[in-house]
Every structure is written in structure tokens, then in C-alpha cells.
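Presented below is the structure to which this report refers.
The values are calculated or read from the model by the stated rules, or taken from the named source; none is laboratory data. In this text, all values refer to a predicted model and were calculated from it rather than measured experimentally. Note that we place each Cβ from the backbone using ideal geometry, even for glycine, and neighbour counts take in every protein chain shown. Note: areas computed on protein heavy atoms with side chains; ligands, DNA, RNA excluded. Shrake-Rupley method; radii C 1.70, N 1.55, O 1.52, S 1.80 Å.
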Amino acid sequence: MASSLRELRQRRQSVTATKKITRAMELIASSQIVKAQQIARNAMPYTTALTHAVSALASHGEVAHPLLEDRVPARRSAMLVVTGDRGLAGAYSSNVIKAAEQLYTKLTDEGQEVVQYITGNKGVGYFEFRNRPVEQKWTGFSDKPQYSHAREIAEVLIEKFLLPYEEGGVDQIHVVGTRFISMLSQQATATRLLPLVVEETDEPATAGEIIPFYTFEPSAAAVLDQLLPLYVANRVYTVLLQSGASELASRQTAMKAATDNAQQLIERLTREANQARQAEITQEISEITGGAAALAESAGNE
Amino acid sequence: MDHEPLKVEVVAADRQVWAGDVVNIIARTTEGDVGVLPGHEPLMAALVPCVVEIVTADGRSETLAVDGGFISVAEGHVWILSQTAVMGQEVTIDKAERELAELRELQRTGDADEDQEHRIHILEAQIRAGERVRSA
């Protein structure tokens, strides 16, 4: 009985320590997420302006650019998977990996080869453990991506895209990341990055907006040449930012759940420990009274 | 020629660098310097690393260093997009000059790669922007 009481107290202590850690992680994640959202907001004007410019150019027609051309049939694809560097973020990384696996199956079913690019330690670990070839990996910035990271990744991807197929080039580039919908909901999504599908931003486009008839200097093609790499880098940056914010949000949720769970566990263990202590006392009393009664009986017999 | 001042936004990849009403902008495109006054026709032009000069509606002058990107003019709005854009007063000339000197050394010995050549242009633009603010 005494040993079980000590065990219960020991367990309670260790759960209390764990709770302190998870609670701290929760608080850190929730303070970082505010920053992450701020950064994402700061990047919005650039994204909007760039998207606007690219759609203006795309609607200009008659502009052919290798980054815009659909190559049929696509024979080889690159897949960029954006995962977290660290765990303890619930199902964040495994959701992305699941979405990536789905895309992988879909692409291979279409008869394409898939070249894999990974960011984040978790994804790297997953693919390397399974001996799946990883073309290139980037780690160390999953929760606070900088524009320079996005630029580096975009450069590698564009270069790969512009290589001819025979030299190992790819016909399509897909990105698997996590979309930050709200603090409570993040969704792993796969999108095609190249050839470009010009997408509108989240902001509602003003209905019937007429794109002005631009004069392009030196020419539409030259402007597009300069613009598209920026656009690709920006898309990668957006995915990195969204994924970073999602990682923090899901870490916060996971750590909150862990803290709550630890609290419950502590309460249960405390109750059990109290019960055990009370039982011990009761037993002691009954032993003493029993002993005294036995003594009194034997004294009366003499 | 009575036009409203232009609404200008200068945005870098990770932030909005500057926004305001403007009566004159001078930037350098791949074809040469271009000045934009209110009422300009819609224009989209590729920029080279350069100093962008802005005269605001209240008569102040601002300088910015950009590393390429493009300028887009439409319906009284101007966007200047550049992956990195820095206000003249944000430039620390000493730091930029030190880095520039190192890169020049590389360039002289012929070891500079394309990125470093590009960086030299950016730094030169930054220093010019910074000096113009200093002397103003």
C-alpha cells in the first residue's frame, strides 16, 4: 500500500512537469502565430499587385512563355512538399505527407515520374526512412520562413522546369502545403505551381473589372520574363507563410489538448493518491484497535 | 492638365515599403529612365536595379532603392514591385559601402558570379539613394 502511494505521487509529479512544458509550448505557439499572421498580412500587397499584373499580362494574349505553356502529355513532375521541422504539432506534418502521397499516386497513375523536393525535417525524415529519393531538401525555417528561402526554392524549381525532359527537366511542378483557414482549421492542399494557373487572390475581385490597355516596355514578353519568376517565388513564399502559420496553429491546438489532458490526469492521480493515503490510515487504525482489543482480551483471561 | 496626384504603392516581397500621393516619379526601366506624371497612360515596365525618385503631393522628395522588379501605372495608381526595396533613409551607407568594396574586389579578380554582380548594382543603387537623402 505504501509503495502504491509513493508511485501515485511520483506519477503525479511527472505529469505536472510535463504539463508545464506543454503549457509553455502552447503559449509560445500562440504568441508566434500573431507574428506569423502579421507577416502574412504584410506580404499581401505584394501578392495582390503581382497577381494583378500577371493577370493583366496573361489576358494580353499572344504572349507565349515557357512558364505558361502546358506540355502534353506531361511525363515528369516535381513535387514540393512543405512540412514542419519539429513535431508536437498534432497531425500537421502527417496530413501534408498524406496529401503528398495522394498526389504522388495520382501522378504515377497518370504515368508520370515524380521528382520530390522537401522542406521541413519531418518530411525529410519520412521520405528518407522509406528510402524514397529526395531531389533536394531545405530545413530549418518551417515556422518562420523568409522571402530569401522562397526565392532559393523557386529558383531551383524554375531551373528544373526549364530543362528539357531528356536532361531531367520536369513538365509540371506541384506544391503540397497547408492552407491556413482559421486558428482552428488548417487544410493540407496540393496545387499546381507550373505551368502557371493564374489564380485570383483571396480578396474578392471587383466585378467586371476592366483591365486597362497597358503599354509594355520594352515588350509584353520581356516584362513577363521578369515577372513570372517573381510570381513563382511569391507563390512559394505564400505557401511557406501559410504552412508556417498552420504549423503554429496546430501546435497550439495540440499543446492545449495535451495541457488539458495533463490537468485531468493530475486530478485523477491526486484523487487516487488521497484515497490510497486514507486507506492506509484506516488500515493502521483498525490494526491498532484490533491489537488493543486482542491485548485486553488476553489480559482478561489471566 | 489638371490631374489628381498619383496614388503610389511601393511593395517589397515581405512588406509595403512606402505609400502615398505623388506628383512625379522617376525610375529606370530596362529601356532607360522613365518619368511618370499624373494622367500617365497605363504602363507596365521592367525595372533595373536603380534609385527611384518620388516627389510627393506635398512637395517632399523621397528616394528608394529597388533591385529590379517592375512598375505598373493604371488609372491613377502606381505600383512599384521589387523583391527588395529600401527607403533612402533606411540605408546605412557605411555598411553598404563596405559590402560593395568586398564585392568590387571579387569582381576585379574575376571571381564574382552573376548573383554578386547583381548585388553590386543593388548596393550602388542603395548608396546613391542614401546619399541623396543625406545631402537633401
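Can you find a residue in region B:92-106 that is more than 26 Å from A:V236 (Cα to Cα) and within 14 Å of chain A (Cβ to nearest Cβ)?
No, region B:92-106 has no match at all.
Across region B:109-133, which residue is surrounded by the fewest Cβ atoms within 10 Å (Cβ to Cβ) among those that are without any contact (Cβ under 8 Å) to a residue 12 or more places away in the chain and of a type in the set (D, E)?
So the residue we want is B:E114.
Can you find a residue in region A:48-60 that is among the aliphatic types (A, V, I, L, M), open to solvent by 30 Å² or more (accessible area, probe 1.4 Å), free of Cβ contacts under 8 Å to residues at least 24 places away in the same chain and within 30 Å of B:Q16 (Cβ to Cβ)?
no
Tell me, which residue of region A:108-129 that is among the small types (G, A, S) and at pLDDT 90 or above is farthest from A:L240 (Cα to Cα)?
Once the filter is applied, the top-ranked residue is A:G125.
Scan region A:143-200 residue by residue and report those that are more than 14 Å from chain B (Cβ to nearest Cβ) and of a type in the set (S, T, Y).
A:Y165, A:T178, A:S182, A:S185, A:T189, A:T191
Taking A:R41 as meeting all but one of (1) without any contact (Cβ under 8 Å) to a residue 24 or more places away in the chain; (2) over 21 Å from A:G177 (Cβ atoms); (3) under 20 Å from the mean Cα position of the chain (by Cα), write down the number of the exception.
(2)
Out of all the residues in region A:106-115, is one or more surrounded by 15 or more Cβ atoms within 10 Å (Cβ to Cβ) and at positive phi?
no
Answer yes or no: is there a residue in region A:40-47 that is among the polar types (S, T, N, Q), open to solvent by less than 40 Å² (accessible area, probe 1.4 Å) and within 30 Å of B:A19 (Cα to Cα).
yes
Can you list the strands (runs of 3 or more DSSP E) lying wholly within region B:1-108 that have 1 or more residues being small (G, A, S) and crowded, with 17+ Cβ neighbours inside 10 Å?
B:6-12, B:15-29, B:43-46, B:61-67, B:70-74, B:85-87
Taking region A:199-230 on its own, how many of its residues are modelled with pLDDT under 75, surrounded by 13 or more Cβ atoms within 10 Å (Cβ to Cβ) and aliphatic (A, V, I, L, M)?
Residues in region A:199-230 being modelled with pLDDT under 75, surrounded by 13 or more Cβ atoms within 10 Å (Cβ to Cβ) and aliphatic (A, V, I, L, M): 1 in total.
So, of the residues in region A:243-302 that are part of a helix (DSSP H, G or I) and of a type in the set (D, E), which turns out to be least open to solvent (accessible area, probe 1.4 Å)?
A:E247
Can you report the number of residues in region A:221-236 which are at the interface with chain B (Cβ under 7 Å from one of its Cβ atoms) and of a type in the set (V, I, T)?
Of the residues in region A:221-236, 1 are at the interface with chain B (Cβ under 7 Å from one of its Cβ atoms) and of a type in the set (V, I, T).
Kindly provide the set of residues from region A:122-141 that are more than 12 Å from A:G84 (Cα to Cα), of a type in the set (K, R) and either touching a helix residue (DSSP H, G or I) at 6+ places or on another chain (Cβ under 7 Å) or open to solvent by 60 Å² or more (accessible area, probe 1.4 Å) (or both), ordered by number.
Selection gives A:R130, A:K137.
Any chance region A:155-175 includes a residue that's in contact with a Phe, Trp or Tyr (Cβ under 9 Å, 6 or more places away or on another chain), open to solvent by less than 40 Å² (accessible area, probe 1.4 Å) and more than 23 Å from A:H65 (Cβ to Cβ)?
No, region A:155-175 contains no residue that is in contact with a Phe, Trp or Tyr (Cβ under 9 Å, 6 or more places away or on another chain), open to solvent by less than 40 Å² (accessible area, probe 1.4 Å) and more than 23 Å from A:H65 (Cβ to Cβ).
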